[in-house]
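Encoded as structure tokens, the structure appears first; notes follow it.
The values are calculated or read from the model by the stated rules, or taken from the named source; none is laboratory data. Note that this is a predicted model, so its numbers are computed, not measured. Every residue, glycine among them, receives a Cβ derived from its backbone with ideal geometry; neighbour counts consider all protein chains shown. These accessible areas exclude ligands, DNA and RNA; they are computed on the full protein's heavy atoms, side chains included. Shrake-Rupley method; radii C 1.70, N 1.55, O 1.52, S 1.80 Å.
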Amino acid sequence: MFVLNSRLKTFFLGSVLKTPLLLPAGVMGISASSLLYAVRSGAGIVTTKSLTLQPRSGHNGPVISAFEGGFINAMGLCNPGIEAGLKEISKFKKDSSVPVIASVFAINSEEFVKLTKFVNSSKADFIELNLSCPNVSDEYGVPLSSSPVIVEEVVRAVSEISRIPVIAKLSPNVPNIKSLALAAEKGGASALCMINTLGPGMEIDINLARPVLKNVFGGMSGPCVKPVAIKLVFEASGVVKIPIIGLGGIMTGADAVEMRMAGASIIGIGTGVYYRGMDVYRKVSNEINEYLIEKDFKNINDIKRIRIDD
Ligand SMILES: Cc1cc2nc3c(=O)[nH]c(=O)nc-3n(C[C@H](O)[C@H](O)[C@H](O)COP(=O)(O)O)c2cc1C
């Protein structure tokens, strides 16, 4: 049973969420019905699949595989394109007032600006820039996510024209997360979302003597990435003032509490849907609630970022 109570009510960029748990980009695709399913299963805020200007069919299969530490995937950003994707948000909004984040992906600021113009005329509450895919920008010749200069430039270009708050989704695959978090904040981001998938990594099928994924390499998610996510959220939250959506390997209420203690304001659960079912949002909400009761905490805000004194 889902115990809806005011302890879990969370404020995020002007919206009131019934729980601090978020469906992250890509995990349930783009259809209005799958976003609604997540809401009915207890998610307090939902994100679309990353949308590109043109539809993309993605990589050939196998695109995803489970291993002992979590999942490895190379979906190839399959999506129906920005116009079709935004229609799903309109459909979703007919049935739900839960905030929805439109995730967009591009390889340079001009394309991100074009996507933002589409999102401006939609019913999305927030726009999330997927800056984390390992694709290489034609113009700049380096991945967007690894350059503070490019991250700041892209976020600024979008923030100047966006009518809704801008969230920058950062990659874990960088040497200095603090400089990227600061660059996104300086560019005008209202929040950060981190982490995207870790890696890339590779699996080999020893019977076939072939890579498991058709794309050979893929990004990792699930339990194996949690310590990396906790560390990076902790580092970023130590230098920025904007809120952070923390995710990466969150499966249980204890994981969610840990992510709050790392400095996240709200918490995403992606791969956890595969481990614990769509009901994971309800289960984790109940588990956080039990922790609050056990600790005699008034509400979620009593779970604060830890301090390291020495
Ligand atoms: C199948 C799959 C598809 C994903 N698609 C996207 C996507 O389109 N855009 C994006 O920003 N992140 C995407 N992600 C990354 C997730 O949103 C999330 O950042 C990552 O999986 C870590 O969280 P988790 O361990 O809770 O899954 C995808 C992840 C998976 C497993």
What's the number of the condition Pro223 fails, among (1) more than 11 Å from the ligand (Cβ to nearest atom); (2) modelled with pLDDT of 95 or more? (1)
Here is a check on your reading of the model: is Ser65 hydroxyl-bearing (Ser, Thr, Tyr), within 16 Å of the ligand (Cβ to nearest atom) and either part of a loop (DSSP other than H, G, I, E, B) or surrounded by fewer than 22 Cβ atoms within 10 Å (Cβ to Cβ) (or both)? yes
Being open to solvent by less than 20 Å² (accessible area, probe 1.4 Å), touching a helix residue (DSSP H, G or I) at 6+ places or on another chain (Cβ under 8 Å) and at negative phi narrows it down to one residue among Leu22, Leu17, Leu35; which is it? Leu35
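Does segment 40-71 hold any residues that are among the β-branched types (Val, Ile, Thr) and within 16 Å of the chain's Cα centre (by Cα), and which are they?
Start the filter on segment 40-71 by keeping residues that are among the β-branched types (Val, Ile, Thr), which leaves 45-48, 52, 63-64.
Correct list: Ile45, Val46, Thr47, Thr48.
Quick one: is Lys231 closer than 28 Å to Leu129 by Cβ, open to solvent by 20 Å² or more (accessible area, probe 1.4 Å) and out of contact with any strand residue (DSSP E or B) (no Cβ under 6 Å at 6 or more places or on another chain)? Working first, answer last.
Values: closer than 28 Å to Leu129 by Cβ: yes; open to solvent by 20 Å² or more (accessible area, probe 1.4 Å): yes; out of contact with any strand residue (DSSP E or B) (no Cβ under 6 Å at 6 or more places or on another chain): yes.
So Lys231 fits the description; yes.
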From the list Ile72, Ile101, Ile89, which residue is under 30 Å from Ile288 (Cα atoms), assigned to a helix (DSSP H, G or I) and within 16 Å of the ligand (Cβ to nearest atom)? Ile89
In segment 230-271, what residues are within 14 Å of the ligand (Cβ to nearest atom), out of contact with any Pro (no Cβ under 7 Å at 6 or more places or on another chain), closer than 14 Å to Asn196 by Cβ and in a helix (DSSP H, G or I)? Val233
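Within segment 239-262, which residues are closer than 22 Å to Leu129 by Cα and open to solvent by 20 Å² or more (accessible area, probe 1.4 Å)? Don't jump to the end; show me each part of the working.
Kept after step one, since they are closer than 22 Å to Leu129 by Cα, are these residues of segment 239-262: 239-250, 259.
Residues satisfying the conditions are Val239, Lys241, Ile242, Pro243.
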Report yes if some residue within segment 277-295 is crowded, with 23+ Cβ neighbours inside 10 Å and of a type in the set (Phe, Trp, Tyr); otherwise report no. yes
Looking at segment 19-36, which of the residues that are modelled with pLDDT of 95 or more and farther than 17 Å from Lys87 by Cα is nearest to the ligand (Cβ to nearest atom)? Pro24
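Kindly indicate whether Ala43 is more than 16 Å from the ligand (Cβ to nearest atom), surrounded by 15 or more Cβ atoms within 10 Å (Cβ to Cβ) and touching a residue at least 12 places away in the same chain (Cβ under 8 Å).
no
Which residue is modelled with the lowest pLDDT, if the candidates are limited to segment 126-146 and must be open to solvent by less than 20 Å² (accessible area, probe 1.4 Å) and part of a loop (DSSP other than H, G, I, E, B)?
First, the residues of segment 126-146 that are open to solvent by less than 20 Å² (accessible area, probe 1.4 Å): 126-132, 137, 144-145.
Now restrict to residues that are part of a loop (DSSP other than H, G, I, E, B): 131-132, 137.
Details: Leu131: 93, Ser132: 81, Ser137: 39.
Here the residue is Ser137.
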